[in-house]
Amino acid sequence: MILDQILIYPLKSGQGWARSEAVVHPWGLDGDRRWAIVDEHGDNLWLGEFPRLASVTARPTADDGLRLAAPGMEPLTVPPATGAPTPVGFSGLDKAVLADDAAHAWFSELLDRPARLVWLDDPGRRSIDPAHGGLPGEVVSFAWDAPLLLVSESSALALDGWLAEEAARHGEDPPGRLSRVRFRPNAIVKGAEPFAEEGWREVRIGSVPFRVSEICDRCAVTTIDPETQVKGKEPLRTLARHRKWDGKTWFGIRLVTLEPGTIRVGDPVIAR
């Protein structure tokens, strides 16, 4: 097996950013999900509720600021967050640092509601929920439940076939290839048997070892087309037919960093 793609999401719920390599920290990939959007009460404003967030391009700056762009919006460079810590509603985390007022205004205009941009100044403060396989001392950024999400291209190809069958069953046009970005992966691997990843306990990408914490349950985010921001029924409709148990649908696996390092596209992937 090889590592085929690396993706980071500088802004939680924003567009993915393909990288040729990435430094791996205990909490996740360098630059991944250090920024998030919250409402006036500190609760996360997420992609499943606000599909327009998928149109936001976010790029970290060298000084830990953020460059933002979105269709219909003026680009904005956000300086490093030095505001007051504010309460936030993320599991395992009580506070994050506010960005400046211009950033809050930018997202409030984008979403047509009050919104604030926050920065996770120290990802080592946010523990992984034990209900999602977290062990004492394990930490995570603003990502859901684990530092990395891994998707197998072979499993995605199998899903593409099921999607075509489901469309034919309902008399719909063939859907074509499903964007893998819908699953918000950090790592896409090639060369495994479909869904073999669900039996893995540990994964080594290049020289970096990871622990598999759990299979990933999927939510409404997967039904949002990352190009058009239009929400549909798939792939949850098809996953519910083929990949549903315990009342949830499942696709991909969550990884926890065992040792820091650097991963690169083309790295060998060894699982056991």
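Condition (residue is assigned by TED's automatic domain parsing to the domain that holds R243, more than 22 Å from E227 (Cα to Cα) and in a helix (DSSP H, G or I)) applied to the stretch 172-188: is it met by at least one residue? Scanning the stretch 172-188, I find no residue that is assigned by TED's automatic domain parsing to the domain that holds R243, more than 22 Å from E227 (Cα to Cα) and in a helix (DSSP H, G or I), so the answer is no. The number of residues in the stretch 233-263 that are over 14 Å from the mean Cα position of the chain (by Cα) and within 24 Å of S179 (Cβ to Cβ) comes to 16.
So, of the residues in the stretch 138-164 that are assigned to a strand (DSSP E or B) and touching a helix residue (DSSP H, G or I) at 6+ places or on another chain (Cβ under 6 Å), which turns out to be farthest from V256 (Cα to Cα)?
The qualifying residue farthest from V256 (Cα to Cα) is S152.
Restricted to the stretch 110-128, and to residues there that are of a type in the set (D, E, K, R) and surrounded by fewer than 17 Cβ atoms within 10 Å (Cβ to Cβ), the residue that is farthest from I37 (Cα to Cα) is R125. Mind checking whether some residue in the stretch 154-169 is surrounded by fewer than 22 Cβ atoms within 10 Å (Cβ to Cβ), at negative phi, within 16 Å of the chain's Cα centre (by Cα) and not charged (D, E, K, R)? Among the residues of the stretch 154-169, not one is surrounded by fewer than 22 Cβ atoms within 10 Å (Cβ to Cβ), at negative phi, within 16 Å of the chain's Cα centre (by Cα) and not charged (D, E, K, R), which makes the answer no.
If you take the residues in the stretch 41-84 that are of a type in the set (A, V, I, L, M, F, W, C) and exposed (fewer than 13 other Cβ atoms within 10 Å of the Cβ), which one is modelled with the lowest pLDDT?
The selected residue is A84.
Residue count for the stretch 81-94, restricted to those that are without any contact (Cβ under 8 Å) to a residue 24 or more places away in the chain and either in a loop (DSSP other than H, G, I, E, B) or among the basic types (K, R) (or both): 3. Reported count of residues in the stretch 36-52, each being under 17 Å from G92 (Cβ atoms) and either free of Cβ contacts under 8 Å to residues at least 40 places away in the same chain or out of contact with any Gly (no Cβ under 6 Å at 6 or more places or on another chain) (or both), is 4. Restricting V208, V230, V203, V151 to residues that are within 16 Å of the chain's Cα centre (by Cα) and either farther than 23 Å from I8 by Cα or in contact (Cβ under 8 Å) with a residue 60 or more places away in the chain (or both) narrows the list to V151.
The values are calculated or read from the model by the stated rules, or taken from the named source; none is laboratory data. Values in this document were obtained by computation on a predicted structure and should not be read as measured data. Heads up, the Cβs are rebuilt from the backbone with ideal geometry, glycines too, and the neighbour counts pull from every protein chain shown.
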